[in-house]
1. Identify the residues of region B:127-150 with backbone N under 20 Å of a label point that sits 7 angstrom from the Cα of B:D88 along the Cα-to-Cβ direction, or state none.
2. Show log10 I(q)/I(0) for the protein assembly as shown at q = 0.09, 0.12 Å⁻¹, two decimals, from a solvent-free Debye sum over equal Cα scatterers.
3. Arranged from highest to lowest average of other beta-carbon atoms within 10 Å per residue, in what order do the peptides A:75-83, A:11-19 appear?
4. How far is helix A:89-105 tilted off the main Cα axis of chain A, in degrees rounded to 10, range 0 to 90?
5. So what's the gap between the Cα centers of region A:105-178 and region B:93-137, to the nearest angstrom?
6. Tell me, what are the semi-axes, in whole angstrom and largest first, of the equivalent ellipsoid of chain A as set by the roots of 5 times the Cα gyration tensor eigenvalues?
7. For chain B, take the longest principal axis of its alpha carbons; what is the angle in degrees between that and the long axis of helix B:61-84, to the nearest 10 within 0 to 90?
8. Report, in debye and to the nearest 20, how large the dipole of region B:1-58 comes out about its Cα centre when Lys and Arg carry +1 and Asp and Glu carry -1 on their Cβ.
Number of protein chains: 2
Amino acid sequence: MEDGEPKRTRRDATTRARRALLIETAIACFVEQGIARTGMRDIAKKAGVSVGNLYNHFPGRDDLIAEIARIETADLADVVTQVARCADAHDAIDSFVESYFLYCADPISAVLTVEITSEALRNPAIDALFSGSRALLVDTLATLITGCGWRETQAPAQAALILDTIEGSALRVGLTGEKPGKRDTKALISFVRRALALEGN
Amino acid sequence: MEDGEPKRTRRDATTRARRALLIETAIACFVEQGIARTGMRDIAKKAGVSVGNLYNHFPGRDDLIAEIARIETADLADVVTQVARCADAHDAIDSFVESYFLYCADPISAVLTVEITSEALRNPAIDALFSGSRALLVDTLATLITGCGWRETQAPAQAALILDTIEGSALRVGLTGEKPGKRDTKALISFVRRALALEGN
DNA sequence: CGCCGGTGAACGTTCGTTCGTTCATTTAAA
DNA sequence: TTTAAATGAACGAACGAACGTTCACCGGCG
């Protein structure tokens, strides 16, 4: 999408590494202090870099935030597409629920979700990213639901409600800072099965 | 909890009114711009009041935010306790789901929820308020569920999942800025009924 | 008069961002 | 191969604006 010439010089390699370090450090700061309470100096200091250099790698603060949002949604898309291919429709739904739940319930993801959602309310670019992710999730899950006998006209609405359950549950678990337990996951899967009237497996 | 003597003077009445205006204005600012992007000057200017006067009514910015969080949780407690008294257990659950959903899906509530949740991550006082609210919700709903034949040991977990569904769904609807439609409410109630295996009514 | 709600300038701090500069690496000419 | 020019990563002081908060000072009720 960007370089026509990858430029395999040593300089370019260290630059990429530095940029990755800065993003990772920014995420750590955002999770620890919150986006609003994190300044450019905080990120630079934690990364062991000057403020000026930080601006050599990112045009501005908002661009840095947007980049992180972009990475997060890309990670999510990976999780979704990997789950999509599964033989039995029932198993596929279970797998989807579990994967998406575990992804969202990760404390880092959970905190970032809240922080970035707050950001998305006033940033159209980030909001668009989230809408795209949501649409992908609904489509994927709705297809699986349709494969279980639900009518195509109702599947998207049911998929949306299931996603609401997963996300709400994941936030509740993830924001406590603890890793999600197997008990949480099992209860969630059973709950969704019943809601879809699939309990007979 | 505070005054032993209500002080019914005219002066005191205007002071209370002014304080209420300031809180209302602060909420409006927080919803429009976000808590992080709202300064004390913004609130004062919008309320047609000086910054100094704002500090006559509230010790500081954090106290103002905490006060709003306190009001929000008190409103929620009202909604919950009013629903608690209902003859039939099945009807009571439907009523609970509908009431809590409509409350959370209100755009102002939805935005405030996200904003204050972000705040609660680093503010123990606000976090405690939220935990208390959550406990009340789980207890209330779990009691209703128990009345429908669920075992007491499993009811709280099911209640938690239902609350997750309601809150997740409400956020999704409320953050778009639109009022929740009857279709949303009905689909949600059906979803919960199936998840509780009460579909036969 | 005394009290207190109300004012807005001013304080010190921190914010995002810019700037001139240094210097190692890369590229191209000799 | 040696050398000179070009590049851009890295720096940290400095900028103006905005932040939360304070303060000395009014002016109208009680």
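The values are calculated or read from the model by the stated rules, or taken from the named source; none is laboratory data. Just so it is clear, the model here is predicted, and its values are computed rather than measured. When we count neighbours, we look across all protein chains shown, and the Cβ atoms used for this are built from the backbone with ideal geometry, even at glycine. Remember, those area values only see protein heavy atoms, side chains included, never the ligands or the DNA or RNA. Shrake-Rupley method; radii C 1.70, N 1.55, O 1.52, S 1.80 Å.
1. Under 20 Å, as judged by backbone N against the label point of B:D88, lie B:141-150 of region B:127-150.
2. -0.63, -1.04
3. Numbers: A:75-83: 15.0, A:11-19: 11.9.
Result, highest mean Cβ count within 10 Å first: A:75-83, A:11-19.
4. 40
5. When both Cα centres are located, 18 Å separates them.
6. Each semi-axis is the square root of five times an eigenvalue, giving 37, 19, 15 Å.
7. Between helix and principal axis, roughly 30 degrees.
8. 260
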